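One structure below.
The values are calculated or read from the model by the stated rules, or taken from the named source; none is laboratory data. Please read these numbers as outputs of a predicted model, since none were measured by experiment. When we count neighbours, we look across all protein chains shown, and the Cβ atoms used for this are built from the backbone with ideal geometry, even at glycine. With ligands, DNA and RNA removed, areas are computed over all heavy atoms of the protein, side chains included. Shrake-Rupley method; radii C 1.70, N 1.55, O 1.52, S 1.80 Å.
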Amino acid sequence: MPSKPQTPFLATARRGRPQRFADVVAQEHITTVLQGALERGKVSHAYLFSGPRGVGKTSTARILAKALNCEQGVVREPCNECRSCRSITAGTHIDIIEIDAASNRGIDNIRDLREAVRIGPAMGRTKVYIIDEVHMMTPDAFNALLKTLEEPPEHAKFILATTEEHKVPETILSRCQRFHFRRIPVVAIINNLKKTYAGESRELDIPEAVFSYVARAARGSVRDAQSLMDQIIAFSEDRVTLEAVETLLGAVEFDTLLAYVERIHQGDLDGVLNLIDEISQRGRDLAQFVRDLIELYRHLMVAQYAKEPQRLIDLAPEQLKATVELSGRLETETILRALEVLFTAEGQLKSTVEDRLVVELASFKLAKLTESVTLRDLIARVEGWEAPGARAGTAPRPAAKAAAPRASSPSSNPSPANSSEAVASPAPVAPPSAPEEPRPVRIEMVDPKGSIPAPLWRQFLDQLHEHSPKIFSYLEGAQPLGLQNDRLTIAIPKVHGFQYQQLKGRKNTEKIQQALGEVFDKKLSVEWVLKEIELVSDADAPPEQGV
Ligand SMILES: [Zn+2]
């Protein structure tokens, strides 16, 4: 086995926790304020550092403690060489008291705080109390802390850190200067990794893609990213490959995620199933795959609306470019529904061992989403927009009085001129990169008058006729009045008071919602209203067409 590069790089690279303000990644909005306070001798008695885990809260607290106690004097940057600095780095400085508020010992420590804090520093100039996960404290402990913060001795400073600021009582918050640490952007993590692992990068020929992959996997934490890199380097022999990294971390590479979405939206189910097989064969974690897809679809959605996507989408530049390009070829509605399908799959994955089946099923549903939008568009284009509630030419006809619902009230029907405005516009030319891709075409679900397209209404009636003929018969003469905020208003002829009461029943409404769900691919609620609707007798009915 070839020997791995060891100490030569560790000597120069800054691994692990940052030891100077300048090394804290992407929190300049905080470190510059703290350095200014140090220079002016205006360091507050109490700080609250909030923000996600692993973004530098505790590290910054320790650097501040060092700067206050450095033997060079109170400085902008600690020297990291004097006895005081070194013992803080080692965690042995007697005046720097770190308390984990989540532990039992931490609670005892806080109880003793009021007494202990009166005693001056033994070794340095300033006693610094760093209380981590402060939101976990008991009410008793909060009281003890509050009393101390109300009358802090000159020689003591408090730095409270929390991942959940909203759980810290207002009385405590109001006595602290507050800083919010932000999640570290992927680009900042990539830069940090490149700098930190410059030596290994040359020695082990680490591909650029590995850094962006690891940065993404670390989800905003430099510490996690570095520990992943350390594992990867320990795991690799003479060189680091993306393949090896994927194996180690069990997740798939960004390009694979993009390829999956491309295939879904090309309706290439065979390609999708093969991709899942490949991912599965390589031992990737399918639950992680689904979570990564959710993140990608979220990015696709944001990319469609954001004026400056780079501000809202945290990806490496080349990945951002590919994401924006792909989002331009997708329908917003498809993206939103894809997210729903994936969230459902994510939930199912928590309670089953059939990971692969869940992911395959979700993929079928995703592919169908694209297909159904296209199909619906086709229907609308071929048949044009009929007036809602118009006689359903192809609807199966129940016997006798339960004729297919129809109406002829002209005032409620959009004129052909109006409804034609709502018909989908012609498909734009496909981008040159994927000329053969069948492009789903946008179809407006709601016309300008708030009604729904006749073909969909007819499809809904067909559904009902097939599965619930009785309910179908109650709908004689019914008209869809409008669809707003997922609420469909259906008018029943005033003379059909009995049918109206039946339809309003919970069970019948549920069946109707189910049929609507099949047609609209989403859950709609229904509102029933009674309306003057002129019923057309069988004799007046226009001749059946296209049966
Ligand atoms: Zn020092």
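Considering segment 85-129, the residues that are more than 17 Å from ILE159 (Cβ to Cβ) and small (Gly, Ala, Ser) include one that is modelled with the highest pLDDT, namely SER87. The helices (runs of 4 or more DSSP H) found entirely in segment 63-145 that carry 3 or more residues being away from the ligand (no atom under 13 Å from the Cβ), surrounded by fewer than 22 Cβ atoms within 10 Å (Cβ to Cβ) and not polar (S, T, N, Q) are 104-111, 113-118. When segment 214-267 is filtered for residues that are within 30 Å of THR163 (Cβ to Cβ), touching a residue at least 24 places away in the same chain (Cβ under 8 Å) and of a type in the set (Gly, Ala, Ser), the ones remaining, listed by number, are ALA215, ALA217, ALA218, GLY220, SER221, ALA225, ALA234, GLY250, ALA251.
Where strands (runs of 3 or more DSSP E) fall entirely within segment 466-533, those with at least 3 residues that are farther than 26 Å from LYS365 by Cα, open to solvent by less than 20 Å² (accessible area, probe 1.4 Å) and modelled with pLDDT under 85 are at 479-484. Of ARG284, ARG239, all but one fail to be in the same structural domain as GLU354 (by TED's automatic domain parsing) and at pLDDT below 85; the exception is ARG284. Looking across segment 251-275 at every residue that is of a type in the set (A, V, I, L, M) and under 15 Å from LEU330 (Cβ atoms), the one that is surrounded by the most Cβ atoms within 10 Å (Cβ to Cβ) is identified as ILE264.
Hey, any hits in segment 37-53 for a residue that's in contact with a Leu (Cβ under 8 Å, 6 or more places away or on another chain), within 16 Å of the ligand (Cβ to nearest atom), in the same structural domain as ALA122 (by TED's automatic domain parsing) and open to solvent by less than 10 Å² (accessible area, probe 1.4 Å)? Yes: segment 37-53 contains one or more residues that are in contact with a Leu (Cβ under 8 Å, 6 or more places away or on another chain), within 16 Å of the ligand (Cβ to nearest atom), in the same structural domain as ALA122 (by TED's automatic domain parsing) and open to solvent by less than 10 Å² (accessible area, probe 1.4 Å). Within segment 234-268, count every residue that is assigned to a helix (DSSP H, G or I) and of a type outside the set (Ser, Thr, Tyr). Residues meeting the conditions: 19.
When segment 194-223 is filtered for residues that are crowded, with 17+ Cβ neighbours inside 10 Å and closer than 30 Å to ALA37 by Cα, the ones remaining, listed by number, are THR196, GLY220, SER221, VAL222, ARG223. Taken together, the residues in segment 342-367 that are polar (S, T, N, Q) and within 15 Å of LEU273 (Cβ to Cβ) amount to 1.
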